[in-house]
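Here the structure is laid out as structure tokens; the discussion comes afterwards.
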Amino acid sequence: QRPLLITGKPGSGKTSLAYAIAYELMLGPVLLWPITTRSKLSDALYRYDAIARMQDTQNDKSELDLEILLASAEDRKPDAEKIAALKTGRNLGDYIQLGPVGTAFLPSHLPRVLLIDEIDKSDLNLPNDLLNLFEEGSYEIPELVRQKSDELVPVRTEDDDLPTNIEKGKVTCYEFPLGIMTSNGERDFPPAFLRRCLRITLPDPTDSTVLTNIVGSHFDRSDRQPT
């Protein structure tokens with residue numbers, strides 16, 4: 001429940017550390033949320049496409065009217081099954097997709113690694129909003145809560161081709177995600193925020209030997225010819 005705050009200069013390996021942790025602990029693909037000055041927690045939890053839903057509703061209504069009109073012109077009964085489907089409307093979950101943070105809090109027997117990259121670029125309130133979420137371990141999707149239905153609603157997630165079912169519009173994790181936040185040290189965080197994080201500062205390379213080893217680790221040097 002205490003996220004890891006990694007501070008260091010650009011290129012010091014902050015992001016690579018998150019991927020290394022996920023690989024070593026076999027926790028699956030890293031869920032990445034790159035931060036900008038416009039980033040909002042609500043967008044990283046889920047996205048609801050209200051415009052697409054409105055357009056589809058209008059198209060379904062037009063198709064319903066057309067089916068009734070054609071049936072009358074052809075002197076036949078309207079297709080009852082088609083009429084019922086058009087009146088029922090489409091699944092609300094078709095217009096909802098969980099973001100990286102929302103996906104990280106899905107019920108799972110193993111925690112997911114959530115990488116929040118360059119959090120020092122965020123709005124002043126975002127760090128505290130994140131920590132409140134890490135304390136609660138749950139969030140709601142108001143559009144689904146308003147349905148007041150006990151049926152499971154399938155929605156898309158940040159993982160490709162891996163949808164999930166939401167019950168009563170609420171998501172609660174089994175295991176808290178492993179939150180890793182990176183910072184370039186470009187701003188100071190409130191003391192209360194820092195107290196609630198585990199902090200690591202990555203050191204700068206001290207000599208050319210260290211830099212050579214870092215660069216060399218990205219290449220297979222077994223077939224290099226001596227100079």
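The values are calculated or read from the model by the stated rules, or taken from the named source; none is laboratory data. None of the values given here were measured: they were computed from a predicted structure. For neighbour counting, all protein chains shown are included, and Cβ atoms are generated from backbone atoms with ideal geometry for every residue, glycine included. Side chains included, ligands, DNA and RNA excluded: accessible areas come from the protein's heavy atoms. Shrake-Rupley method; radii C 1.70, N 1.55, O 1.52, S 1.80 Å.
Quick look at the numbers
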quantity	calculated
Additional length obtainable on full extension of the chain from Ala73 to Asn165, 0.36 nm per residue less Cα span	28.9 nm
Where the Cα pairs of the chain fall when distances are cut into 10 Å bins, in %	7, 25, 25, 18, 12, 8, 4, 2, 0
Relative contact order of the chain, defined on C-alpha pairs under 8 angstrom at six or more residues apart (%)	35
Approximate spin-label separation Ser108-Asn213, in nm, with each point projected 7 Å along Cα-to-Cβ	3.2
Exceeding the 22 Å Cα-Cα cut-off - candidates Lys14/Lys121; Lys40/Lys148; Lys14/Lys170	Lys40/Lys148; Lys14/Lys170
Solvent exposure ordering (accessible area, 1.4 Å, most first) of Ile96, Ile51	Ile51, Ile96
Average accessible surface area per residue within the chain, 1.4 Å rolling probe, Å²	64
Helix axis angle, 126-136 relative to the chain longest principal axis, alpha carbon, degrees	70
Label-point gap, in nm, between Asp123 and Leu32 - each point 7 angstrom along Cα→Cβ	2.4
Carbon/sulfur fraction of accessible area - the chain, other protein chains in place, 1.4 Å, %	52
Nitroxide proxy distance, nm - points 7 Å out along Cα→Cβ at Arg195 and Asp49	4.5
Sequence-distant residues sharing a close amide H with Glu158 (under 5 Å, placed H)	Leu98, Thr103
Helix axis angle, 50-73 relative to the chain longest principal axis, alpha carbon, degrees	20
Degrees, to the nearest 10: 14-24 long Cα axis against longest axis of the chain	70
